[in-house]
Every structure is written in C-alpha cells, then in structure tokens.
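One structure below.
The values are calculated or read from the model by the stated rules, or taken from the named source; none is laboratory data. Given the structure is predicted, the values throughout are model-derived calculations rather than measurements. Positions of Cβ are backbone-derived with ideal geometry, glycine not excepted, and every protein chain shown enters the neighbour counts.
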Amino acid sequence: MKNTHSVSLLHKFTALFLATLIALPHFAVAVAAEQKTIGAFANSAVAHYRKGEYDKAIADINKVIASDPKNAYAYNIRGNAYYMKGEYDTAMSNYTKAIELKPTMALYHNNRGNCYYAKGDRDKAIDDYSRAIDIDPKFGMAYINRGQCRADKGFYFTAIADFDEAIKVDPQNAHHARAEREKAERNRIAQEQNTKAIGNAKDTGGSAAGIAIVGALTVVGGFLWYLATGEEKK
C-alpha cells in the first residue's frame, strides 16, 4: 500500500520546484529591471549633483534609497548634496548611515569629518579623518584634512607631518598639500617667534601686562600685514 501522505508531499514539492524553475527567469528579469531603474536614478542624481542641482539630486537619490534602503553609496551621495547646501547636520546623518552600512569605506568617514570641520568641531573631525586613514593609509585628502584641523588647533608639527604624508602617498593632490604645508610652516615660525618674544619679556623682568602687550602686538602686526598685502606675514 502506498503512503499517500508521502506521495502528496512529493507531488507538492515537485510542483513547487517546477513552478520555481518557471518563475526564475521572470524573477531575474524583474530584478534586473529594478536594478536598472535604481542605477538610472543614481546616475541621474550624480549628474544633477555635478551641475550643482542639489535638490534634484536629492529627489533622485531618495528614490534609490526607497528601493534599496541598504545602499550605502546612495546615502553618501545624498550626504554630499546636503553638505553642498550647507545642511551639515542632515549631511552628517546620511554619512553616519552610510558608515553603519559599510564601515570599511574610508571615504564615508572622511566626508563626515568634513561636516564636523564645517561645524567647528575639530576634535571629532580629526577622529573621523584618522579613522579614514586607518582604513586607507594612502588616502591623501584625509591627511590634508586632518592636517588642516591640526594646524587650526596650533599643532603645526603634526599638521606638517600630515601634509608631508599626503605629498608622498597622493601625487594628484600634492600641490594642495604643499600649499597647506607652507602655510602651516609660516604659522609655526610665527608661533615660535611669539613664544620667544614672550620669553624675552619674562627674562627682562617684564610685567604680566607687558608680556600680554608683546603677544597682542605680534598678532596685530600680522593682521595689519595681511590687510596691506593680502598675504600672511612670513
């Protein structure tokens, strides 16, 4: 006597298997069509972005994210568009989402660092740039960006080290790194001279007020030079 239950299961399995075989080509076509649509919107978003049409870029990339919410690249593009609009918090949230989806992409950390820099948070910017460098030690722009942060904080020796590394690993942006290095070196020398001037005032028994005046005059002198020449005083 046949086991009707087993036969029934076999028939169901066979029917399901055959139905799957029949459906697979249609499913593949549907997926391909959807991917093509997503790709078209992504390409359109990039094209709008390059033209400076940031709202249109955002509208297109929103459609990509709606269809593919785990697309880290799409969040990065949307972050770029918001960044260019000056909406740094929104840009940052998009970069953070991109990082969550793909934490090993150095570019996303670098881009979020740019938001922190724009908002004036040099320490968090340095953290993100450093993370980008950890992931990709040949990421020249991350060295340049971190160097600018360090220079802003008055850490000229480490800033110069970053610019030197950028020159070494990224010839394409070496001219930019050299320009930033020269600026940091000039500021380092000015800082050193200011420190010496204050030290000399102390050695000659200058009062606290006198020392403060020496420091203030150094800063004012540099500012007046800039107003007169349009250049930082060397």
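Table for the structure above
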| quantity | calculated |
| --- | --- |
| Those helices (runs of 4 or more DSSP H) lying entirely in region 45-113 with at least 1 residues hydroxyl-bearing (Ser, Thr, Tyr), more than 26 Å from Gly140 (Cβ to Cβ) and under 16 Å from the mean Cα position of the chain (by Cα) | 88-101 |
| Options Ala166, Ala159; residue that is closer than 18 Å to Asp136 by Cα, of a type in the set (Gly, Ala, Ser) and touching a residue at least 24 places away in the same chain (Cβ under 8 Å) | Ala166 |
| Residue that is farthest from the chain's Cα centre (by Cα), among those in region 170-228 that are among the hydroxyl-bearing types (Ser, Thr, Tyr) and either surrounded by fewer than 12 Cβ atoms within 10 Å (Cβ to Cβ) or modelled with pLDDT of 85 or more (or both) | Thr204 |
| Among the candidates Ala161, Ala118, residue that is of a type in the set (Gly, Ala, Ser), modelled with pLDDT of 95 or more and within 27 Å of Gly86 (Cβ to Cβ) | Ala118 |
